[in-house]
1. Could you identify the single residue in I78, I98 that is closer than 20 Å to W20 by Cβ and aliphatic (A, V, I, L, M)?
2. Select from segment 1-42 the residues that are hydrophobic (A, V, I, L, M, F, W, C), at pLDDT 85 or above and outside any helix (DSSP H, G or I) and list them in ascending order.
3. Considering segment 65-104 alone, what residues qualify as being farther than 20 Å from R26 by Cβ, loosely packed, with under 13 Cβ neighbours inside 10 Å and out of contact with any Lys or Arg (no Cβ under 9 Å at 6 or more places or on another chain)?
4. Would you check which residues across segment 84-116 are more than 19 Å from K71 (Cβ to Cβ), of a type in the set (G, A, S) and in contact (Cβ under 8 Å) with a residue 12 or more places away in the chain and list them?
Amino acid sequence: MVSGLKSQDYHERLKELDLWTLEKRRNFADLVQCYKVLHNIGNVKCGLETVNVSQNRVTTRQTSDILNLKKGRANSDIRLNFFSFRIVDPWNSLPSDIKHATSVASFRSKLKKYMN
């Protein structure tokens, strides 16, 4: 424990140490992992399905980017916490230039700027 931080609450300690909340750090890590999966970096398969833009006649926000993900159905509350389900909305809300970054390092850098 860092001296002087014991009496502070969680958010004050995070601010003092210049850290993100646990939820924000998990979201960041999930988005980086999603980038790796969609760009075939590493040997990970997790059932993420992209929207097929060519099948849609009308372009919507959901189908505007070839890397947007399709959200599956959740028949139980447990499924809502699966990576392949919880990552869809945060990923689809990212700007296109971040999704199409040329490397993992570039993606992480752009994502960090976007999340701050």
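1. Selected residue: I98, the only one of I78, I98 that is closer than 20 Å to W20 by Cβ and aliphatic (A, V, I, L, M).
2. So the first thing to find is which residues in segment 1-42 are hydrophobic (A, V, I, L, M, F, W, C), and the list is 1-2, 5, 14, 17, 19-20, 22, 28-29, 31-32, 34, 37-38, 41.
So of that shortlist, the ones also at pLDDT 85 or above come out as 14, 17, 19-20, 22, 28-29, 31-32, 34, 37-38, 41.
Listed by number, the residues that qualify are L19, W20, I41.
3. Scanning segment 65-104 gives N75, S76, S96, T102, S103.
4. A101
The values are calculated or read from the model by the stated rules, or taken from the named source; none is laboratory data. Remember, predicted model here, so these are calculated numbers, not experimental data. So basically every Cβ, Gly included, is an ideal-geometry build from the backbone, and we count neighbours across all protein chains shown.
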